[in-house]
Amino acid sequence: MTVLLGSIDLTFLAISLAKIIVLTFMVILPMVAYSVMAERRGAAIMQDRVGPNRTNLPLTLLGFKKDLSIFGMGGLLQPMADGLKFILKEDFTPKHVRTFYFWLAPALTMVPALLTCAVLPFGSELNLGFLGLAHPVKAVIADLNVGPLYTFAIASLGVYGIVLAGWSSNSKYPFLGAVRSSSQMISYELSLGLAIVPVLMVFGELNLGKIAAAQDADGWLVLPLWGDGLSPGRLLLWIPMLISFVIFTIAMFAETNRMPFDLPECETELVAGYHTEYSSMKFALFFLGEYAAMIIGSGLAVTLFLGGWSIPFGPLLGLGYTPGATPLWLGLLHIATFFAKVIVFILFFIGVRWTVPRFRYDQLMKLGWLWMFEIALANVLLTAVIMWLVPLK
Amino acid sequence: MPSVLFYLFAAITLLFGVGVVVARNPVASALSLVCSFTGLAALFISLDAYFIGTLQILVYAGAVMVLFLFIIMLLDIKAAEGRQTNYATAVGGLLLAVLFTVQIAMVLGDFKEGNKTLADQTLNLGAAASKTSLNTIKDELAEGTLPDAKLMGFTLFDKYPFQLQVVGLLLLAGTVGVVVLSKRDRGGKEEVS
């Protein structure tokens, strides 16, 4: 037993546990709740409605005259009310379902979505010298050398939850939703994977932390305007990188079943798609899984193309990252930058949802296989040719 | 990695592997296969082979998804569940398993390296760094991390480029074949299934 305990690095374990708890449960889950809220408010603004603006701290229950609205903005407690409602509603399991798989499916959607955040570098490093730690703590849960691949691998497990939900519900509409979802996710995984190949070619690196650090020093992929980014090779590569970014973003919309591609739960045709038979918290888990996948997908896009945690023109402003010697305030600023970018990306997701109409299913397949896939392939070739003609460094 | 984790993941791999064979319901079999692959991926990762471990999930779990859809779409699950056990196949399978076990035991009996414990065999990354020619790999090895994806890519493209091209051509031919085969039915009468 002592040998066993000796083989575990307790400081490392404690730091990792702290990072997991803070990132997953104290950042991503609240972000999920508030992106649902932002979605509803955003939709309301775009459709000239009011949206949920009445949920405040219920002080009237305690005999006060008015409910307390936080920051003077009504409705900020709506996610809590929603969560409470989901928990208190009757959890109904229809009789015709295959019970074991019916219960397994929501968990299988939720867990992979949260697991993928393990490799996201959400900040540069935190210098926790005042806690007696000799080395600065890297702001990433698992500093793997196979970052994007890990994310894709775990995210591809998420489709099992959807297919199982559709199949175990044992009724028509969920089943159709599940089959649609699986073929859609498999089709768009190709473009998603091919879209990041040019990125990996430019960096020669699979470690997301190092990709972000490289962009901090030499310019983001979509904004190469400082450091080595101003070299002719990098400026020429700007074109394929922008194509890559567009393809990646579109494919991510399809992978997360977001609006122009939300055929698996298309209300006009399939009632509610794969989660038609679900109620209460099990339904909420599908919802949470979808939004968590959206947040982490945004995080991946930000890390690969928009410089991750790096501050624009950071090295010129003296806000760049120096390995091992970044002060604590700058580390915190980097974390804030990362989440600010992710939030902007989520708002973009929401804006798109309420702007473009839904695709027809054959159009979706045609777009995926006849356009995105070919453009992504040609883009790999273009990047290779540019890198061959104008070698980097 | 603590050895407890090794035993845990080995147990997961083996138990779900047995589940693939034993389960009556084809969906349960397919899901067991996914769990077994996940356990195997964890074992790879415990050997510092992050790249292989991730590919194990990415490729095999994706492949099982297709299997899964085949089961759902084409198999009559009620009929498959009620099927009688075929004893001849079971006995044949057991016999094969026993033969393989005996073979492995005989091979391992002659394998002297098996006596060394893993704890004594630390990776000497610094020595490896001085032997490599590619700069990115050298830097990472000197840092003390194992760039397994880079090492694998370098070996594949530097040592076996011809074989890689042949495999690529083979896969391409397979893909074209699938497209041709599935397109052929369109010309004739529309099949309603």
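The values are calculated or read from the model by the stated rules, or taken from the named source; none is laboratory data. The structure displayed is predicted, hence computed values, not measured ones. Cβ coordinates were reconstructed from backbone atoms using ideal geometry, including for glycine residues, and neighbour counts include every protein chain displayed. These area figures cover heavy atoms from the full protein model, side chains too; ligands, DNA and RNA do not enter into them. Shrake-Rupley method; radii C 1.70, N 1.55, O 1.52, S 1.80 Å.
Quick look at the numbers
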| quantity | calculated |
| --- | --- |
| Between A and B, accessible area buried - total, square angstrom, nearest 100, 1.4 angstrom probe | 2300 Å² |
| Solvent-accessible surface (1.4 angstrom probe) belonging to A:T99, in square angstrom, nearest 10 | 70 Å² |
| Fluctuation leader among A:A134, A:A107, A:A325 - chain A, Gaussian network, Cα springs under 10 angstrom | A:A134 |
| Accessible area of the protein assembly as shown divided out per residue, in Å², using a probe of 1.4 angstrom | 55 Å² |
| At least 40 Å² accessible surface lost relative to isolated chain, residues of the stretch A:135-150 (1.4 Å probe) | A:N145, A:V146, A:L149 |
| Gaussian network model of chain A, Cα within-10 Å springs - most flexible of A:K66, A:K282, A:K19 | A:K66 |
| Calculated FRET efficiency for the pair A:E267/A:N53, C-beta based, R₀ 35 Å, to 0.05 | 0.90 |
| B:L170 versus A:W371: modelled label distance in nm, points set 7 Å from Cα along the beta carbon direction | 3.7 nm |
| Sequence-separation-based contact order of chain A, relative, with Cα cut under 8 Å and 6+ spacing, percent | 22 percent |
| Too-long pairs where the Cα-Cα distance tops 20 Å, listed order kept, from A:K210/B:K131; B:K138/B:K159; A:K210/B:K138; A:K172/A:K366; A:K65/A:K89 | A:K210/B:K131; A:K172/A:K366; A:K65/A:K89 |
| Amide H partners (placed H, <5 Å) of A:E125, local residues excluded | A:A139 |
| For the stretch B:1-78: rounded, prolate or oblate by the Cα gyration tensor [a/c cutoff 1.5] | oblate |
| Span-like helix ranges in chain A, DSSP H, alpha carbon extent 18 angstrom or more, Kyte mean at least 1.6 | A:232-255, A:328-353, A:373-389 |
| Accessible area of the protein assembly as shown belonging to carbon and sulfur atoms, whole % at 1.4 Å probe | 72 percent |
| Amide H contacts of A:L76 (H built 1.01 Å from N, under 5 Å, at least 5 apart or other chain) | A:I70 |
| Charge tally in the Cβ shell below 10 Å around A:S156, where Lys, Arg are +1 and Asp, Glu are -1, A:S156 excluded | -2 |
| List of the stretch B:52-67 residues, accessible area with partners at least 30 Å² below that of the chain alone (1.4 Å probe) | B:T54, B:I57, B:L58, B:M65 |
| Per-residue average of Cβ from other chains inside 10 Å of A:98-110 | 1 |
